[in-house]
Amino acid sequence: MTSEQSTPSNAGDRPDPHLYRSEPVSFVRRGDRLNPRRQKTWDRSHAQYIVEVPRERASTSVAAGAEVDWSAVFGRTAPLLVDIGSGLGESTAQAATDHPDWNIIAVEVYTPGLAALLVRIEDEGLENIRGIQANAPEVLDHLLPEGGVQEVWVFFPDPWHKTRHHKRRLVSPSFAERVSRVLAPGGVLRLATDWSSYAEQMRAVMEANDAFENLHPGRLAGADSPLFAVRSQGLEGKEPWPEAEAADPDGGWAPRFDGRPLTSFENKALRAGRLIFDLTYRRT
């Protein structure tokens, strides 16, 4: 068992319950090797742009009781936008460019992704971004103020395809509760995925939470739904459904968000023939 895993199934093997997470994480640790440019940028800039937080259980954990004064970190008071799973930083950099009067927080566990973001920060002269290398639910629990965030973005989280791994998916009822705590009334949650089963789960989770309203209720329902296309055309390697059964009566899919750039990851999904599902919810 690595330091990133959750509580062992055999409690008798557990020396200290505080050393293990009570929930499975939505990521698997990967290599942290950086190419020469990213390594130089990391060495030069990470102390300025990556916020160090107290750890408790693992290298990506956040200690209970940890606090961050974001106004002090950014040197100003401004609306907060949190980009969860920021990857190589394309959407984070776009957010910083589109909202120079906002403070942008990138949450990412992978060092190469944060290093790539630092390169963008330096290349584009972006001063309104800070990164956190930590597990997103713990960031939501401990490091963000209640009702203090204007927007939360979750674009293309790991889909965890196998049914037995669905418990690792980030967007879950507990995640929705965490987001509802940090979003200000009227604040927005934006979601995107290229896998239909995860899109269905995201929609079901958010529709079941009374703290949120879909900003595009009923949009692209029935045969206009991307879900209908996946089902009826047998996309994603699935067997085609009969058209009479493939319709999506609920819809609710959002139009593509203008502030979400076409990333290298999304381009790869599109080349593979997958469709993109967007969802947008407002904190009521």
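So here's what we get for this one:
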read-out	value
Verdict on residue 129 being touching a residue at least 60 places away in the same chain (Cβ under 8 Å) and either buried (at least 24 other Cβ atoms within 10 Å of the Cβ) or touching a Pro at 6+ places or on another chain (Cβ under 6 Å) (or both)	yes
Filter result for residue 56 (surrounded by 20 or more Cβ atoms within 10 Å (Cβ to Cβ) and farther than 10 Å from residue 129 by Cα)	no
Qualifying residue in segment 165-182 (condition: over 19 Å from the mean Cα position of the chain (by Cα), of a type outside the set (Val, Ile, Thr) and at pLDDT 95 or above)	no
Subset of segment 70-108 (residues that are closer than 21 Å to residue 138 by Cα, surrounded by fewer than 17 Cβ atoms within 10 Å (Cβ to Cβ) and in contact (Cβ under 8 Å) with a residue 40 or more places away in the chain)	73, 79
Segment 201-219, subset surrounded by fewer than 21 Cβ atoms within 10 Å (Cβ to Cβ) and within 12 Å of residue 278 (Cα to Cα), residue farthest from the chain's Cα centre (by Cα)	219
Strands (runs of 3 or more DSSP E) within segment 128-234 that include 1 or more residues of a type in the set (A, V, I, L, M)	129-132, 149-155, 183-193
Residues of segment 47-75 that turn out to be modelled with pLDDT of 95 or more and either at positive phi or in a helix (DSSP H, G or I) (or both), as a count	9
Count of residues meeting criterion [closer than 19 Å to residue 231 by Cβ and free of Cβ contacts under 8 Å to residues at least 12 places away in the same chain] in segment 252-269	0
Options 237, 251; residue that is modelled with pLDDT under 95 and of a type in the set (Gly, Ala, Ser)	237
Residue check for residue 278: closer than 16 Å to residue 192 by Cβ and either aliphatic (A, V, I, L, M) or at pLDDT 95 or above (or both)	yes
Yes/no for residue 91 being farther than 18 Å from residue 48 by Cβ and in contact with a Ser or Thr (Cβ under 9 Å, 6 or more places away or on another chain)	yes
Candidate set: segment 243-265, residues that are among the charged types (D, E, K, R) and in contact with a helix residue (DSSP H, G or I) (Cβ under 9 Å, 6 or more places away or on another chain); chosen: the one surrounded by the most Cβ atoms within 10 Å (Cβ to Cβ)	248
Tally of residues being without any contact (Cβ under 8 Å) to a residue 40 or more places away in the chain and either in a loop (DSSP other than H, G, I, E, B) or among the basic types (Lys, Arg) (or both) across segment 109-126	3
One residue from 172, 196, 232 being closer than 30 Å to residue 52 by Cβ, among the hydroxyl-bearing types (Ser, Thr, Tyr) and crowded, with 16+ Cβ neighbours inside 10 Å	172
Single residue of 102, 70 found to be closer than 19 Å to residue 190 by Cβ and aromatic (Phe, Trp, Tyr)	102
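The values are calculated or read from the model by the stated rules, or taken from the named source; none is laboratory data. In this text, all values refer to a predicted model and were calculated from it rather than measured experimentally. So basically every Cβ, Gly included, is an ideal-geometry build from the backbone, and we count neighbours across all protein chains shown.
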